[in-house]
Amino acid sequence: MGTGKKNKVELRDLVSYLASNIVDEPDMVRVREIENGDSVILEVSVAQGDMGKVIGRHGRVARAIRTVAKATATRQGKRAMVEIVE
Amino acid sequence: MKPIEVTGKTVDEAVQAGLSSLGLGKEQVEIEVIDEGSRGFLGLVGMRHARVRMGPLHADPTPTGDADAGRGSSEPRPTVVPRVPSEDSADSIRGRRSSVPGRAAGTGKMGADVGVSENDGLSRGARFLEGLVSVMGLDADVYEREADEVTMLEIEGKSLGVLIGRHGETLDSVQYLVNLAAGRAARAAGDEQRVRYVVDVAGYRKQREETLTEMAIEAAGKVIRDQRNQVLEPMSALERRIVHMALKDAEGVVTHSEGREPYRRIVISPGE
């Protein structure tokens, strides 16, 4: 707590937290983080039956996850891309 | 820094003027509306300027100006979620003008149901949001409050611009995810009760509501003058609702929405 150092936010933990809380099988949620300089790709995979849940109607859920992840990344001077993979 | 008093044509303009003279962002100040002002009849006659008093919210020695741009020097701190907002934090920002429903306000019906099945007295939405704020590395607290038909989750803290985003885009996403996560948790627990959550950050929605209401009335005035339709910018369902409500009882205009999400927009037309 309060070491005075800048708080390190793990984007992977963030995306994983979001995904786990909206699927039926949270244990099956995997997030792979691929860093390339200031860009971060977050690959999310979930149980087959939960695909629709993380994408949502018209991709609305995926878009919300992206928005929150991007905002958080921007705050750290990074660019985040969230991809949902099979 | 001492509180200052500013005036403007509207509350919004007064606040803007105050912010620039203080050099602070909206999230960093405490605003008390002394006089909402009066736009008279559709901004034509009987106008009175709005007056607000404002000062820094926290004893924060580093005014950064733009919270959105802040790289966030906040230290991690465990988020505490008091069930009832304390006098000096969540409530103060709304100003005395609005009668803030406290713990027992609202219908009471939903308030009693929320939390009953919870282990720590917090609603599912509040617990999810608390976790989200913490995993985002923000130095903030979540307050829960029952309002008409919805549960209000209010986030207070430092450098929270990141949670708002452009035109509240991030805030809307956060709110959507809170409702989704809470809904799933409720279903998993066999709870049929559907709770709708509204998430706000440092009074942002309140502020936005005032802006939209102003804009709606201005546009309605133009419709009446020109007797022609006015098409507004695309807005979210929540924002469109604010505009519809603002003009619900306005004479001489009717409102409806056109188009598909996310480009759905309000059209104000001449009418009774």
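The values are calculated or read from the model by the stated rules, or taken from the named source; none is laboratory data. All values derive from a computational prediction rather than experimental measurement. Cβ sites come from the backbone with ideal geometry, for glycine too, and all protein chains shown count toward neighbours. Just the protein is used for accessible areas: all its heavy atoms, side chains included, with ligands, DNA and RNA removed. Shrake-Rupley method; radii C 1.70, N 1.55, O 1.52, S 1.80 Å.
Can you list the residues in the stretch B:150-193 whose accessible area drops by at least 50 Å² when all protein chains are present, compared with the chain alone? Use a 1.4 Å probe, heavy atoms only.
B:V162, B:Y176, B:L177, B:R184
Taking all protein chains as present, what is the carbon and sulfur share of the accessible area of chain A, in % to the nearest whole number, probe 1.4 Å?
Details: 2210 of 4810 Å².
C and S atoms contribute 46 percent here.
Using each residue's phi in the stretch B:205-210, evaluate 6.51 cos²θ - 1.76 cosθ + 1.60 at θ = phi - 60° and report the 3J(HN,Hα) Karplus result to the nearest Hz, with x for Gly and Pro.
Calculated HN-Hα couplings, in order: 4, 4, 4, 5, 4, 5 Hz.
What share of Cα pairs, in percent, lie more than 20 angstrom apart in chain A?
33
As an exercise, use a Förster radius of 25 Å and the Cβ-Cβ distance of B:D226 and B:D249 to find the FRET efficiency, rounded to the nearest 0.05.
Numbers: r = 21 Å, r/R0 = 0.85.
My answer for the efficiency is 0.75.
Relative contact order (percent) for the stretch A:24-70, with alpha-carbon contacts under 8 angstrom and 6 or more residues of separation?
27
Where the accessible area of the stretch B:207-270 is counted over protein heavy atoms with a 1.4 Å probe, how much of it, in %, is carbon and sulfur?
Details: 1800 of 3770 Å².
So the carbon and sulfur contribution to the accessible surface is 48 percent.
Need one number: buried accessible surface between chains B and A, 1.4 Å probe, both sides summed, DNA, RNA and ligands left out, in Å² to 100.
Result for this pair: about 2500 Å² buried.
Based on DSSP, what percent of beta bridges with both residues in chain A are antiparallel, to the nearest 5?
Percent antiparallel among DSSP bridges in chain A is about 55.
What accessible area per residue, rounded to a whole number of Å², is obtained for the stretch B:207-270 using a probe radius of 1.4 Å?
59
From zero up to wherever the largest Cα-Cα distance of the stretch B:113-256 sits, split into 10 Å bins and tell me the percent of pairs in each.
Pair shares across the bins are 10, 36, 27, 18, 8, 1.
List, largest first, the extents of the alpha carbons of the stretch B:188-272 along their principal axes, each in whole Å.
The Cα atoms of the stretch B:188-272 stretch 55, 28, 23 Å along the principal axes, largest first.
Take B:E5 and B:V267, extend 7 Å from each Cα along the Cα→Cβ direction, and tell me the distance between the two endpoints in nm.
Going by the 7 Å Cα→Cβ label model, 4.7 nm.
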